[in-house]
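What follows is a set of notes on a single structure, which appears directly below.
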Amino acid sequence: RLSMAKSKFEYVRDFEADDTCLPNCWIVVRLDGRNFHRFSEQHEFKKPNDDRALHLMTKCAQTVMQELEDIAIAYGQSDEYSFVFKKKSRWFKRRASKFMTHVVSQFASSYVFYWKDYFKDQQLLYPPGFDGRIVLYPSNQNLKDYLSWRQADCHINNLYNTVFWMLVQRSGLTPVQAQDRLQGTLAGDKNEILFSEFNINYNNEPLMYRKGTVLIWQKINEVMTKKIKLPKETEEKEVEVTRTRTKVVPLHCDIIGDQFWEEYPEILAE
Ligand code: ATP
Ligand code: ATP
Ligand code: MG
Ligand code: MG
Ligand code: MG
Ligand code: MG
């Protein structure tokens with residue numbers, strides 16, 4: 001075949017940069033929706049948290065974990081998701097561009113593919129895009145701190161957005177007025193506004209909004225009934241068989257404290 005033969009053009013391949021990820025490091029790919037401020041408005045997302053959008057993001061992330069190799073854990077909030085590849089992964093010889101592009105394109109195509117399952121009558125008006133970046137973390141502590149950073153970001157933004165949209169939707173403030181009202185307020189002040197003006201205890205807001213979504217692999221024992229035919233019998237018999245499958249499971253728990261990592265030590269073990 002012509003394509004197999006070396007041509008005089010072959011030398012151009014040497015212009016490709018080596019982007020092999022450092023061995024033994026956790027490889028994190030984070031993606032983020034492009035201009036989702038506008039996208040969420042145009043598609044009438046419920047503010048501050050649209051469940052359809054959050055569940056669609058998680059469906060796409062589950063698809064990425066199932067389709068691609070070696071992802072140990074993922075964490076998502078708002079229009080972003082982070083995927084952590086095992087530190088020993090040899091996938092695509094650890095080439096950064098392969099990791100990043102496969103994650104982002106698989107996610108983006110899934111977002112369009114599964115859109116109608118979550119948004120029903122709400123038409124997709126234009127093709128959404130996602131950016132991606134890759135960061136290497138050399139220690140388990142660095143990785144835990146990275147994930148803590150994203151979850152802390154989720155908390156800070158969600159507390160702000162929850163008060164902001166209450167002021168707009170319930171008190172009739174304009175977005176500029178709501179922004180001015182919240183200028184310089186601390187977390188305690190925001191909790192107080194929610195409680196005294198809107199009778200909302202922030203701690204009772206849904207965990208998915210406050211903590212984001214953690215995706216991990218879990219062993220699931222599935223009990224199935226199987227029809228088998230024994231050699232000497234003519235009738236088929238139903239027997240119960242237990243299969244162990246690994247499934248991607250969403251959790252909305254704290255990952256900043258030690259408890260999560262003590263409960264799931266296998267995530268950091270390999
Ligand atoms: P960029 O292209 O720089 O990422 P952006 O507009 O996407 O710009 P982000 O900082 O990523 O900015 O913020 C994402 C925005 O998308 C949020 O501010 C919020 O308005 C909106 N958004 C994302 N997910 C949801 C959701 N589930 N419900 C409501 N709004 C959402
Ligand atoms: P990889 O994931 O490594 O890229 P691949 O199967 O995509 O694996 P490629 O070298 O990219 O391997 O080759 C793409 C293959 O897709 C071709 O070998 C061919 O079989 C098929 N293909 C792509 N475009 C067409 C097309 N227009 N018509 C028929 N076959 C096509
Ligand atoms: Mg961004
Ligand atoms: Mg964005
Ligand atoms: Mg974002
Ligand atoms: Mg190909």
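Observations on the model:
- For the chain, the longest principal axis of the alpha carbon atoms and the long axis of helix 51-67 meet at an angle near 20°.
- With an a/c value of 1.5 or above and a/b larger than b/c for the gyration tensor axes a ≥ b ≥ c computed over the alpha-carbon atoms, the range 150-230 is described as prolate.
- A 1.4 Å probe run over the range 1-58, with the rest of the protein chains in place, finds 72 Å² accessible per residue.
- Our coupling estimate for the range 89-103, obtained by passing each phi through the Karplus curve with A = 6.51, B = -1.76, C = 1.60 and θ = phi - 60°, is 4, 10, 4, 6, 6, 6, 6, 4, 5, 5, 4, 5, 6, 5, 4 Hz, Gly and Pro reported as x.
- Take each peptide in 146-157, 26-37, 229-240, count the other Cβ atoms within 10 Å of every residue, and average; sorted highest first, the result is 26-37, 146-157, 229-240.
- Pairs of alpha carbons in the range 1-76 separated by more than 15 Å make up 74% of all such pairs.
- The mean accessible area for residues of the range 102-258, using a 1.4 Å probe and ignoring ligands and nucleic acids, is 63 Å² per residue.
- Set of lysines near K120 by C-alpha distance (under 21 Å), chain-local residues within fewer than 8 positions excluded: K46, K47, K59
- Per residue, the convex hull around the alpha carbon atoms of the range 11-143 comes to 124 Å³.
- Sulfur and carbon atoms: percent of accessible area, the chain [1.4 Å]: 51 percent
- The range 72-202: C-alpha gyration tensor shape, a/c 1.5 cut-off, then a/b vs b/c: oblate
- Overall form of the range 1-45 per C-alpha gyration tensor (a/c, 1.5; a/b vs b/c): oblate
- For the range 184-268, lysine pairs separated by 8 or more sequence positions, or belonging to different chains, with Cα-Cα distances below 17 Å total 4.
- Folded to 0 to 90 degrees: helix 187-198 orientation relative to the chain principal axis, Cα: 70 degrees
- Annotation note: GluC sites (Glu not before Pro) in the range 23-115 located in DSSP loop regions with a Cβ neighbour count of at most 16 within 10 Å are E44, E69.
The values are calculated or read from the model by the stated rules, or taken from the named source; none is laboratory data. Just so it is clear, the structure is predicted and the values come from calculations on it, not from any experiment. Note that we place each Cβ from the backbone using ideal geometry, even for glycine, and neighbour counts take in every protein chain shown. Each accessible area value is taken on the protein alone, full model and side chains, heavy atoms only, with ligands, DNA and RNA left out. Shrake-Rupley method; radii C 1.70, N 1.55, O 1.52, S 1.80 Å.
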